[in-house]
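Q: This is the structure I want to talk about, given as structure tokens.
The values are calculated or read from the model by the stated rules, or taken from the named source; none is laboratory data. Here the structure is a predicted model, which is why all the values come from computation and not from measurement. Here the Cβ is made from the backbone with ideal geometry for all residues, glycine too, and neighbour counts use every protein chain on show.
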Amino acid sequence: MGKRRAFSRAELPATYHRSVARVFSGVQPSGSLHLGNYLGAFRQWVAMQEEFDCFYCVVDLHSLTVEHDPAELRRKTIETAAGFLAAGVDPERSTLFVQSHVHEHAELAWLMESTIAFGELSRMIQFKEKSAGKSSIRASLFTYPALMASDILLYDTDRVPVGEDQRQHIELTRDAAIRFNGRYGETFVVPEAVLARHAARVMDLQQPSNKMSKSESSPQGTIELLDPPEAVTQKVRRAVTDTDGEVRYDPKRKPGLSNLIELMASVTGRSIEEITSSYSQYGPLKADLAEALVAALDPVRQRYAALMGDPDELAFLLEQGAEKAAGIASKTLARAKEAIGLLPPS
Ligand code: AMP
Ligand code: TRP
């Protein structure tokens, strides 16, 4: 008895031994990557590589929560991984992988579903938004935050860089980790969300009360990561503002203009005050913003084209990433299974 333990409690949780904090984040391979993903998530991911041990994941299982096309999912999974690299994720420093290649994600999700309450899931804003008006809703859309919690907890993650829309899911993950640790003993590291200072919620350029998203419903309001310079310039030029003509940051009353100011602050690193005081008209602000966005996105688009030209290399990187991820995930899963009372195999 006691000969075969899946782990030694003395070894873990890993956070007590690490000198470098761990970062985890993910993007779904559905729709096309857009400026919100880039400014709200990717740019933080890239900056964090300098300091932290980062895991970046194409969360393909999450894309099964809404209607999907199998062939398209496969294609988007590769494209999304290429998007990470094009945006500056460095596979030498960060671990890049596909969620379904590491089976522990789906397995821990069951334990998390058995930790999180129905009522908690019912309060998720994203569930309410994505299920509104739909006659058929997949059960996985409802339980999705349990899978997301498992993504994060498997890696003993300290920080999760995400856009504002994911804050509620991270809160739930924290609550679930704390509850699990309290009931079954210290098992998970409790993570925290890291939001971008500006552009944590990039709004649609045509309907500035909606966040920019992958839905194809607003092509003119969405700047895609791979849009050519002319398209970027045209979309910024046509962005909806208001008629009072005053350059002022006021997201409530002037959502369109405030979004443009926020984008400018995010791409240039300048402060909101600096920007509002250097423009007296909308036209020049739009022109400079378009130029700054083109300068930021053009190299991304070029790198993307090069990456998509070498699918073998990409597949190799993803395989390596999954191997490394699985090495960590398998230990956390074993720890969680034992803690919750599942009999380890002998
Ligand atoms: P998704 O595209 O929904 O898989 O989101 C991937 C990442 O991009 C998450 O961290 C989101 O929070 C972030 N994100 C998505 N849309 C926006 C947006 N409009 N503004 C800022 N961040 C966003
Ligand atoms: N739910 C996130 C989104 O829709 C994607 C995601 C899944 C994620 N698992 C994650 C983000 C873990 C951060 C960490 O954008």
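Q: Which of the residues belonging to segment 160-206 are at pLDDT below 95 and small (Gly, Ala, Ser)?
A: Gly163, Ala196, Ala199, Ala200
Q: While we're on this one: Do the conditions hold for Glu50, that is, is it more than 16 Å from ligand 1 (Cβ to nearest atom), under 20 Å from the mean Cα position of the chain (by Cα) and modelled with pLDDT under 95?
A: So Glu50 passes the test.
Q: Within segment 196-210, can you find the residues that are in contact (Cβ under 8 Å) with a residue 40 or more places away in the chain and within 9 Å of ligand 1 (Cβ to nearest atom)?
A: Once the filter is applied, which keeps residues that are in contact (Cβ under 8 Å) with a residue 40 or more places away in the chain and within 9 Å of ligand 1 (Cβ to nearest atom), segment 196-210 yields Ala196, Ala199, Ala200, Arg201, Val202, Met203.
This table checks each residue for (1) in the same structural domain as Ile328 (by TED's automatic domain parsing); (2) within 14 Å of the chain's Cα centre (by Cα); (3) in a helix (DSSP H, G or I).
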{"position": "Glu92", "(1), (2), (3)": "yes, no, no"}
{"position": "Leu111", "(1), (2), (3)": "yes, no, yes"}
{"position": "Phe127", "(1), (2), (3)": "yes, no, yes"}
{"position": "Gly133", "(1), (2), (3)": "yes, no, no"}
{"position": "Ser136", "(1), (2), (3)": "yes, no, no"}
{"position": "Val160", "(1), (2), (3)": "yes, yes, no"}
{"position": "Gln166", "(1), (2), (3)": "yes, yes, yes"}
{"position": "Arg179", "(1), (2), (3)": "yes, no, yes"}
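Q: Shifting gears a bit: Any idea which of (1) in a helix (DSSP H, G or I); (2) near ligand 2 (Cβ under 10 Å from one of its atoms) is the one Glu120 doesn't satisfy?
A: All conditions are met except number (2).
Q: Across segment 123-148, which residue is nearest to Glu192 (Cα to Cα) among those that are within 15 Å of ligand 1 (Cβ to nearest atom) and among the aliphatic types (A, V, I, L, M)?
A: Met148
Q: Let me ask something else. Just to check your reading of the model, which residue among Asp242, Asp227 is touching a Pro at 6+ places or on another chain (Cβ under 9 Å) and either without any contact (Cβ under 8 Å) to a residue 12 or more places away in the chain or more than 30 Å from Arg18 (Cβ to Cβ) (or both)?
A: Checking each option against the conditions leaves just Asp242.
Q: When you scan segment 179-192, do you find a residue that is of a type outside the set (Lys, Arg), within 16 Å of ligand 1 (Cβ to nearest atom) and surrounded by 16 or more Cβ atoms within 10 Å (Cβ to Cβ), even just one?
A: yes
Q: Whether any residue in segment 72-86 is over 30 Å from Gly309 (Cβ atoms) and surrounded by 14 or more Cβ atoms within 10 Å (Cβ to Cβ) is what I want to check.
A: no
Q: Further question: Would you mind stating whether Asp60 is under 24 Å from Ala329 (Cβ atoms) and either more than 13 Å from ligand 2 (Cβ to nearest atom) or modelled with pLDDT under 95 (or both)?
A: Criteria not met by Asp60.
Q: Right, something else. Out of segment 193-210, which residues are surrounded by 16 or more Cβ atoms within 10 Å (Cβ to Cβ) and either over 20 Å from Trp45 (Cα atoms) or of a type in the set (Lys, Arg) (or both)?
A: Result: Arg201, Met203, Asp204, Leu205, Gln206, Gln207, Pro208.
Q: Could you count how many residues in segment 181-203 are part of a loop (DSSP other than H, G, I, E, B), more than 14 Å from the chain's Cα centre (by Cα) and not hydrophobic (A, V, I, L, M, F, W, C)?
A: Matching residues across segment 181-203 total 6.
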